[in-house]
Amino acid sequence: MGSMPEKPRHGFGSLVTGLQEVCESGITKDLAWRRSQLKGIIRLLTEKEEEMFDVLRDDLGKHRAESYRDEIGALVKSVNHTLRNLERWAAPEKVQAPLVSFPATALVVPEPLGVVLVFSCWNLPLGLALEPLSGAIAAGNAVVVKPSEFAPATAAFLASNLPKYLDPRAVKVILGGPEVGEQLMEHRWDKVLFTGSARTGRIILTKAAKHLTPVALELGSKCPCIIDRLDSKRDTQIAVNRIFGGKWSLCAGQACLAIDYILVEEEFAPALIEVLKSTVKRFTTTPDCMARILNEKHFKRLSNYLKDRKVAASVVHGGSVNPKTLTIEPTILLNPPLDSDIMTEEIFGPILPIITVKKIEDSMKFVRSKPKPLAIYAFTRNEKLKSRIINETSSGSVTFNDAVVQYVVEGLPFGGVGQSGSGQYHGKYSFELFSNKKAVFKRSFLIEFMFRYPPWDNGKIGMLRHVFNTNYVLLLLGLIGLRR
Amino acid sequence: MEESRAAAVQELRARFAAGQTRPAEWRAKQLRGVLRMATEMEAEICDALHADVGKPKTEAHVHEISLVKSSCLFALKNLKKWMKPKKVHARLMTFPSTARITKEPLGVVLVISAWNYPLLLSLDPVIGAIAAGNAVVLKPSEVAPATSSLLAELLPRYVDSACIKVVEGGVSETTALLEHKWDKIFYTGNSKVGRIVMAAAVKHLTPVVLELGGKCPVIVDSNVNLHVTAKRIAAGKWGCNNGQACIAPDFIITTESFAPKLLEALKKVLEKFYGKDPLLSADLSRVVTPNHFNRLLDMMDDEMVSDKIVFGGQRDEQKLKIAPTIFLDVPLDSAMMKEEIFGPLLPIITVDKIHESFGLINSMTKPLAAYLFTRDSKLQKQFESTISAGGMLLNDTSVHLTNPHLPFGGVGESGTGSYHGRFTFDAFSHGKAVLHRGFGGEAKARYPPYSSAKLKIMKGVLVGKLGAMIQAILGFPRGK
């Protein structure tokens, strides 16, 4: 019927059609059902907290404080925000209807897209699965979650617990590696949200194009941190604390929002580096204060950055790696070569290059020379500089005088632009990402204008001109017949 | 050829990077330029539209020129408002802080237009792209060559041609354009090419808006004002480029008992609109090309449906004209019911009870628009909640697209993304989240070495406990 593409013959056909049927039955559209699912997520987060800490430690060596702050706690906050606002977001919105169409009502009605697919990522394996899931459910969809195979303990946790806390008819977890992801994409989805690398993102998009499946991409980037000359010691210490929090405290730098590299004036660099070194020493006294590197593959990748002779020469702090424990200590570089791998690829690890510029204003040109990042951070009290950064650079977001915390401001959309991705979510934006905003226009039979219909003549064209110029006076006169 | 194209794209990038398209004054100037063009060149535009699709002068005015003008005026009126950053409530958790969403242009964008409303579908997206501060390349449809060359000739005279360019050409030209890096691609057309555009966009991870088509169903209940209903259906079908419009009613569903009455009403209205010999009426567009003409003929003369014709059927191969033609109860697996018609053929499908129409529509792919004629508010509610479509209209056809406050776009096979009014501005913008924090409110509990005391405070902060936040700000826990 209609012009439908061919259905693929292997893989998950029955999964998709089963979920379509569930949607068509109206279960997922029911607001009460959506509330019960969201409450189910809260219950999961509360009752299974210990188990979650365990699996996140298994997968990434995350300290429970980090796990709570970045994943569990952030989710509790977010899902509660969604519960508080669900009715309002789901309600039709009345919009203006032009006077000439009187009597008429114009509405924008949000409706579920249908069956959606969420690809999570390994670095925030819980958060990047459950945050999109909660948004998709809030919008009334049936959802398939494909957790990353690189965080297997969390994936197994989701597979065994989601069916217990959520409605297994409408929420499914599919485990597996890239082949499974590709098989899933052989089918048509009403929306796909993918968090991960640009390389895999392109594979997803190529398959999606066959079915016109709309895709939101949350990709990576090199998030720069511009540090202006800070005159007070206190300001500098606070800035460094927050830089630490935005780099090493965040899954050892393995996060899309983590600070990738620093830009600072060459005169201010030595003072900054001193404070960085002392702060790193103070904050890393216990072995479990920083997550480990995910696996050998990434460990090798990061170690190789440091093997480059010129890069090794630029190390000013740290540099030691432990292949047994897959840990790399917080490492600071000063002016590694700009064409080295570490300055052209997303680092996604605990190595922090510092690039010096002559004047801090030069940092914007540097940032613009690279693909648009997910976030730009800047520590400064200079209002003019702040304005320039906002207007002269482009990024998913900009945060002044802190890092990463924008993630928990529910009113702010989260997402990239350009190479860092497309589509935004969090809070109301998640709801909208997974909705179709249907335009509904209601007219009545009451008032009928003859000049709408053929056969045409210049008189009718004249009347129509009045309509489009919203010249109601002339329109009225025309209708009464006093003017042509 | 490729050098000049590459050079053109490069120039646009350079101009955008230099900030030329950002100031509100520049944007307003371009919009006024488009407005002047649409006003001063009315006669030339009507001629081109007539040459391309035989569009009657009234349709050219009402459906294209007037809509372009009101789109410019609406954008000019609201430009400052749309450009203003929006303040967002920053919660206590990040106190002290202020949060805003700033709209910024995406950069250099590509608009690929269609042949049926070649002026409107070219300029409407371009207007929004300009309002949002982008540099633009417009590729008008080669299937409407008179309008395409008119735009290529006129636009540079009325707008800043260093930042807004028209590139003409067919499939090979479009393919070559798609190789370049764009910050957004806006495509209006069919879903086959839509897939090609989407696949080409993968290379540079370019986001796309696809305005596609589909079979727009019209459900007609018996509880209606029959005469008005028939007029509005006819106006939406044959009064819109003779059915060659993405939102034209594609087919009707009504009850078996009501069908004869509806048919009679439609016949009466058609005679009134187009006379006894519609092929002679100047108020009917022709079919755009011999290809489409033959496609429609094949559809009409298909033996599955040819005996179901109940009105019309006249055709003139010389003039590429087909008269309004109505069919009754064609098989659901005929080409006419499987493909988007995009022409003056109107099948009426009958059902036993009107509610059965919902199941039939839901068995097809989601349409760009769905229409229902009824006074029954229960049926209206059911329609609204059961049918998914880009847009819905009750008791009329097509006119919802003239309301700039309503988003216009498809869902599923009928497209992705929406535009019109503010939605066009948003489609070509990035809403950048900007968070300002100060150096105050430093919470030691955030940092390692971690402890259960710190965790307790963080937990409190995240669930919004005021006590925990105060502790956090005051630097608890003391000691490490």
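The values are calculated or read from the model by the stated rules, or taken from the named source; none is laboratory data. The shown structure was predicted, so the numbers you read here are calculated from the model rather than taken from an experiment. With ideal geometry, Cβ positions are generated from the backbone for all residues, glycine too; neighbour counts draw on all protein chains shown.
Inside segment B:197-209, can you point out the residues that are more than 12 Å from B:Val111 (Cβ to Cβ) and touching a residue at least 12 places away in the same chain (Cβ under 8 Å)?
Across segment B:197-209, the qualifying residues are B:Met198, B:Ala200, B:Ala201, B:Lys203, B:His204, B:Thr206, B:Pro207.
Taking the condition in contact (Cβ under 8 Å) with a residue 12 or more places away in the chain and buried (at least 21 other Cβ atoms within 10 Å of the Cβ), does B:Val111 pass? In short, yes.
Selection of segment B:265-315 for residues being touching a helix residue (DSSP H, G or I) at 6+ places or on another chain (Cβ under 9 Å), of a type in the set (S, T, N, Q) and touching a residue at least 24 places away in the same chain (Cβ under 8 Å) yields B:Ser285, B:Gln314.
Residue-wise test of (1) among the acidic types (Asp, Glu); (2) touching a residue at least 60 places away in the same chain (Cβ under 8 Å).
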position: A:Glu111; (1), (2): yes, yes
position: A:Leu117; (1), (2): no, yes
position: A:Ala129; (1), (2): no, no
position: A:Ala156; (1), (2): no, yes
position: A:Lys172; (1), (2): no, yes
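Summed over segment A:178-199, residues that are farther than 26 Å from A:Lys437 by Cα and basic (Lys, Arg) total 1.
Would you point out the residue of segment A:439-464, among those that are part of a helix (DSSP H, G or I) and within 7 Å of another protein chain (Cβ to nearest Cβ), that is modelled with the highest pLDDT?
Taking the candidates together, the pick is A:Lys460.
Identify the residue in segment B:358-402 that is among the charged types (D, E, K, R) and outside any loop (DSSP other than H, G, I, E, B) and, among all such residues, is nearest to the other protein chains (Cβ to nearest Cβ). Filtering first and then ranking leaves B:Glu384. The one condition from (1) buried (at least 22 other Cβ atoms within 10 Å of the Cβ); (2) facing chain A (nearest Cβ under 7 Å); (3) polar (S, T, N, Q) that B:Ser414 does not meet is (2). Regarding A:Val16, is this residue surrounded by 16 or more Cβ atoms within 10 Å (Cβ to Cβ), of a type in the set (A, V, I, L, M, F, W, C), out of contact with any Gly (no Cβ under 6 Å at 6 or more places or on another chain) and in a strand (DSSP E or B)? No, not satisfied.
Contact map, segment B:326-351: first residue within 11 Å of chain A (Cβ to nearest Cβ), second residue among the polar types (S, T, N, Q) and assigned to a loop (DSSP other than H, G, I, E, B), Cβ cut-off under 8 Å, separation 6 or more or different chains; pairs are B:Lys338/A:Ser3; B:Glu339/A:Ser3; B:Glu340/A:Ser3; B:Glu340/B:Asn190. The set of residues in segment B:375-396 being surrounded by fewer than 18 Cβ atoms within 10 Å (Cβ to Cβ), over 21 Å from A:Phe102 (Cβ atoms) and not acidic (Asp, Glu) consists of B:Lys378, B:Lys381, B:Gln382, B:Ser385, B:Thr386. Where helices (runs of 4 or more DSSP H) fall wholly inside segment A:140-239, the ranges with 1 or more residues that are out of contact with any Phe, Trp or Tyr (no Cβ under 8 Å at 6 or more places or on another chain), within 24 Å of A:Lys372 (Cβ to Cβ) and within 14 Å of chain B (Cβ to nearest Cβ) are A:198-211.
Evaluating A:Pro270 against the criteria (1) surrounded by fewer than 22 Cβ atoms within 10 Å (Cβ to Cβ); (2) under 32 Å from the mean Cα position of the chain (by Cα) leaves one unmet condition, (2). Do any strands (runs of 3 or more DSSP E) entirely within segment B:63-142 hold 1 or more residues that are polar (S, T, N, Q), and if so, which? Result: B:97-105.
Matching residues to (1) crowded, with 24+ Cβ neighbours inside 10 Å; (2) within 29 Å of B:Ile387 (Cα to Cα); (3) at pLDDT below 95:
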residue	(1), (2), (3)
A:Glu111	no, yes, no
A:Val115	yes, yes, no
A:Ser120	yes, no, no
A:Ala129	yes, no, no
A:Ala139	yes, yes, no
A:Phe157	yes, no, no
A:Val180	no, no, no
A:Gly201	no, no, no
A:Lys207	no, yes, no
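In segment B:431-448, the residues that are facing another protein chain (nearest Cβ under 7 Å) form Cβ pairs under 7 Å with partners that are among the charged types (D, E, K, R) and assigned to a strand (DSSP E or B), at six or more places apart or across chains, as follows: B:Gly431/B:Lys103; B:Lys432/B:Glu104; B:Val434/B:Arg100.
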